[in-house]
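What follows draws every value from the coordinates through simple rules; no lab data is involved. Keep in mind that what you see is a predicted model, and the values were worked out from it rather than measured. Backbone-built Cβ (ideal geometry, glycine too); neighbour counts: all protein chains shown.
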Amino acid sequence: MSIEQVGIVGAGQMGNGIAHVFAVAGYDVLLTDVSEDALTRAIAVIDKNLMRQVSRDMISEADKNAAMKRISTTPTLTNLGRADLIIEAATERETIKQAIFEDLIPHLKPDTILTSNTSSISITRLASRTDRPEKFMGFHFMNPVPIMQLVELIRGIATDQETFAACESVVERLGKTSTASEDFPAFIVNRILMPMINEAIYTLYEGVGSVQSIDTSLKLGANHPMGPLELADFIGLDTCLAIMNVLHDGLADTKYRPCPLLTKYVEAGWLGRKTQRGFYDYRGDVPVPTR
């Protein structure tokens, strides 16, 4: 199964990172988003991040220029129909993802592989709403995509071996490492990571420690590169809450109950770095804890 043209749905933080690594690896990339402004911003971010790699001697300037030429954008979702592989990287809401796939299906080639970058939603359920569940799987990149080395590959119940092998080969060509996960809520990374973050928020909620003391304790006591609350802000508190809800609903275990304080921050619109406020306030020169 030859994959050379890749379509990416969603030009946000994940989508532009995915476009970046595919272009560097030599794939032709077509990036789409409902917002033309988002597409313009994505190209600027990719150019800036590639230039950073040039400055660090990770790639040459010629490689950077070649990668930028491989990326094109379109506001029209159905233009992705000619792609060999499509990666959906839209908002972590199942109804939105289902609508995207339903709109795409009539325009796809018979052998196009459909994938989702979802961090928690059932691959089997998403696949069942398409015309090709055997050619559908989870393709979960870590954030930030150009830096993080892992890609989780998640088979739905119907995913065939040929599709899995093709995606595994793509990950290898990207210079990353894949792990295979079964299709259960939140897969491997977030099944382990999100309850830890949620417990850190409970620790704050119950007054066991401050934002600063919790993050310092995990950075110095467990050798984590970022504290759990700092990491939650980086991921996005809305995304953390969505994943905890998937775990709680899908596994029906009270240990996955989202912390009420996490819910409160999301209700306030304090979603972390992307809104300039979360467990830290990022509006000044130095992040300041908000509790």
Checklist outcome for this item: If N is the residue count of the range 5-181, its Cα Rg over 2.2 N^0.38 Å rounds to 0.96
Checklist outcome for this item: Place a point 7 Å from the Cα of Thr74 in the direction of its beta carbon; the residues of the range 24-44 whose amide N falls under 13 Å from it are 29-33
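How big is the antiparallel share of DSSP beta bridges in the chain, given as a percent to the nearest 5?
Working: 9 of 34 bridges.
Around 25 percent of the beta bridges assigned by DSSP in the chain are antiparallel ones.
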Item to check | Simple label model, 7 Å out from Cα along Cβ direction - Ser55 to Ser2, nm | outcome: 4.0
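Tell me, what is the FRET efficiency for His107 and Lys264 to the nearest 0.05, using R0 = 51 angstrom and their Cβ-Cβ distance as r? Provide the component values of the computation, followed by the final result.
On the way: r = 42 Å, r/R0 = 0.83.
E between His107 and Lys264, to the nearest 0.05, is 0.75.
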Checklist outcome for this item: Between the modelled labels at Gln149 and Thr179 (7 Å from Cα along Cα→Cβ) the distance in nm is 1.3
Next on the checklist: I'd like the distance separating the alpha-carbon centroids of the range 260-276 and the range 34-58, in whole Å.
Outcome noted: 27
Checklist entry - So, in Å, what gap is there between the alpha-carbon centers of the range 180-214 and the range 93-142? => result 27
Checklist entry - Which aspartates and glutamates have a Cα lying under 15 Å from the Cα of Lys176, excluding residues fewer than 8 positions away in the same chain? => result Glu152, Glu168
Checklist entry - Hey, rough spin-label estimate for Thr216 and Asp47, points 7 angstrom out along Cα→Cβ, what's it come to in nanometres? => result 4.3
